[in-house]
1. Is there a residue being within 12 Å of the chain's Cα centre (by Cα), of a type in the set (F, W, Y) and more than 7 Å from chain B (Cβ to nearest Cβ) anywhere in region A:37-53?
2. Step by step: first the residues of region B:1-13, then only those that are surrounded by fewer than 17 Cβ atoms within 10 Å (Cβ to Cβ) and assigned to a helix (DSSP H, G or I), then the one that is nearest to the chain's Cα centre (by Cα). Which residue is that?
3. Report, by residue number, each residue of region B:131-144 that is open to solvent by 20 Å² or more (accessible area, probe 1.4 Å), under 15 Å from A:G149 (Cα atoms) and at the interface with chain A (Cβ under 7 Å from one of its Cβ atoms).
4. Just checking, does region B:103-120 include any residue being surrounded by fewer than 16 Cβ atoms within 10 Å (Cβ to Cβ), within 12 Å of another protein chain (Cβ to nearest Cβ) and more than 19 Å from the chain's Cα centre (by Cα)?
5. Would you pick out the residues in region B:54-92 that are modelled with pLDDT of 95 or more, within 10 Å of DNA strand D (Cβ to nearest atom) and either surrounded by fewer than 16 Cβ atoms within 10 Å (Cβ to Cβ) or within 14 Å of chain A (Cβ to nearest Cβ) (or both)?
Number of protein chains: 2
Amino acid sequence: MRIEDEIKGRFRNDYHKGMINMTYTVKQLSYDFLQLLKNHGLTEPQYNIMRVLRGNRSGRPASIGYIKERMLDKSSDVSRIIDRLHGKGYIDRTENSEDRRQKVIAITGKGLDLLDKMDDCEKKVDKLLENLGPDEVNELNRLLDKIRG
Amino acid sequence: MRIEDEIKGRFRNDYHKGMINMTYTVKQLSYDFLQLLKNHGLTEPQYNIMRVLRGNRSGRPASIGYIKERMLDKSSDVSRIIDRLHGKGYIDRTENSEDRRQKVIAITGKGLDLLDKMDDCEKKVDKLLENLGPDEVNELNRLLDKIRG
DNA sequence: ATAAATTAATTGTTTCAACATATAATGTTC
DNA sequence: GAACATTATATGTTGAAACAATTAATTTAT
């Protein structure tokens, strides 16, 4: 549906419309994804952190800062999100004896089990843009990269 | 810059990449805009509500529900955002004698003055996508509309 | 005309973003 | 090695999103 029809209100020009359109589309797609996450009791940043921890094959232990670097949202409040995941038993948090300022964060067996059960969430992400053909997705990626300069 | 280089981590496929790319791009553009708003002491939803109120040439008084319909974020907590704007003196809020469930929300002179001074914010929105040519913006809008089906 | 359903707005709760500040450990410099 | 700077994390605060639940006014149904 055209964005003009979904949101009451007018746009000054196509550039204005483009920005609103993008914001609105991301919001709508994220919502669909969020509903799935909620079935498993996780929020989006919680899920992202769990995936970062599972994906850590770097050999190095993951610190708060390591996780932060890999989050979409760099200003994200990793300390407190880790708190909540720890409370649910999905994460271990120990002091790093190499550098006692750092914490060593690791996903637990319980956390890994949960992620395994959340396979449908990964599949969902790959389907959010399914209305576009392969060429169109590439064109979208090109335009987005160009926007950011 | 290509999204692969800005975010550490890999994508399963172009569809996955497209969704992350869009989310990340919106986040970055919104941040630029937010900084401008902050100079004027408003948050994004506060600014949006003020603009809806200024733009209300419908003759009808604006209720909470009227504003909600025109917000990008339909689940937005208009009541409490209105509270804060009222606290700053930018909005009047009175009971609607026609239907005493409703409130009549109106922007004050002080609010209008503020919006006039925030001209730079409107200009900024129109420039967020300036890296794209006119045809590219149209193509972007077409793709976004198609994504939402 | 009264009861039931709907609507408009408010309030409460949890989680998070964005920001500032604090605290403790480690590095650097003189 | 003592003073200072930097780094890693934690904490505090405000504003907001996403829900649920509540309250009060209006509409509908019987």
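1. Looking through region A:37-53, at least one residue is within 12 Å of the chain's Cα centre (by Cα), of a type in the set (F, W, Y) and more than 7 Å from chain B (Cβ to nearest Cβ).
2. Looking at residues that are surrounded by fewer than 17 Cβ atoms within 10 Å (Cβ to Cβ) and assigned to a helix (DSSP H, G or I), I get B:E6.
3. B:N131, B:E136 - these are the residues of region B:131-144 that are open to solvent by 20 Å² or more (accessible area, probe 1.4 Å), under 15 Å from A:G149 (Cα atoms) and at the interface with chain A (Cβ under 7 Å from one of its Cβ atoms).
4. No.
5. Residues satisfying the conditions are B:S79, B:R80, B:D83, B:R84, B:G87, B:K88.
The values are calculated or read from the model by the stated rules, or taken from the named source; none is laboratory data. Quick caveat, the model's predicted, so the values are computed rather than measured. Cβ: placed from backbone, ideal geometry, glycine included. Neighbour counts: every protein chain shown. The protein model used for the area step is the full one, side chains on, heavy atoms only, and it has no ligands, DNA or RNA in it. Shrake-Rupley method; radii C 1.70, N 1.55, O 1.52, S 1.80 Å.
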